[in-house]
1. Please find, in a Gaussian network model of the chain (springs between Cα atoms separated by less than 10 Å), the residue of 98, 13, 123 whose mean-square fluctuation is greatest.
2. With a Förster radius of 45 Å, plug the Cβ-Cβ distance of residue 24 and residue 118 into 1/(1 + (r/R0)^6) and report the FRET value to the nearest 0.05.
3. Give the angle, between 0 and 90 degrees and rounded to the nearest 10, that separates the Cα long axis of helix 71-91 from the longest principal axis of the Cα atoms of the chain.
4. Report, to the nearest 10°, how far helix 102-115 tilts away from the longest principal axis of the Cα atoms in the chain, using its own Cα long axis and a range of 0 to 90°.
5. Residue 5 versus residue 45, label points 7 Å from Cα toward the beta carbon: distance in nm?
6. Calculate how steeply helix 2-24 sits against the longest principal axis of the alpha-carbon atoms of the chain, using the helix alpha-carbon long axis, and give the answer as 0 to 90 degrees to the nearest 10.
7. Treating each Cα of the stretch 34-157 as an identical point scatterer and ignoring solvent, apply the Debye formula and state log10 I(q)/I(0) at q = 0.11, 0.13, 0.19 Å⁻¹.
C-alpha cells in the first residue's frame, strides 16, 4: 500500500514537472513547421535571422533542411534533438557559437541531396557502395543562414 502511494506520488510529480516544462518551453510549437519555434531559445536567434534573409526562406523551413523527409524519421530527429537541445540549453553545456553535430550534419547533407538531387547526380558519381566524399554543406555553408556567414559563425558552427 505504501509502495503504491510512493509510486503514485512520484509519478504525479514527474507528470507535473514534465507538463510544466512542456508548457513553459512551448513544446507544442516544436511539433509544427513554424521556423519561429526554432528561435524559442535565444541561442538560435542569429540562425533564425540569417534564414529570414536567405534565399531558402521562400522555399524551405528549418525542418525542410534539418530533418529527414521521411515522416517517422522527421519526428524521431525532432525528439532526439529536442532532448539534447533542452538538456544543453538548460545546463548551459553547449559551445558558443553553436555547432552542428555529425548526426545533424548528415541529415542536412541528405536534405540538400533530396531537394537538389538532379543537380547533385550530375556531379556526384561515386563507385558502387562508396560515398563520393563531396559535401554540399562544406562549400555552401551559409545557404540557409546568409547573415551569419559574414560573421564567420556558420563556418565555425560546421567545424570548417
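1. Of 98, 13, 123, the Gaussian network model singles out 13 as fluctuating most.
2. Here the calculated transfer efficiency is 0.50.
3. 70 degrees
4. So the helix axis and the longest Cα principal axis differ by about 50 degrees.
5. The two pseudo-label positions are separated by 4.9 nm.
6. On a 0 to 90 degree scale, this one is about 40.
7. The computed values of log10 I(q)/I(0) come out as -0.40, -0.56, -1.18.
Bear in mind these aren't lab numbers, they're just calculated from the coordinates by the rules spelled out. Bear in mind that the values here come from a model prediction, so they are computed numbers and not experimental data. Don't worry about glycine lacking a Cβ; one is built from the backbone with ideal geometry, like all the others, and counts go over all protein chains shown.
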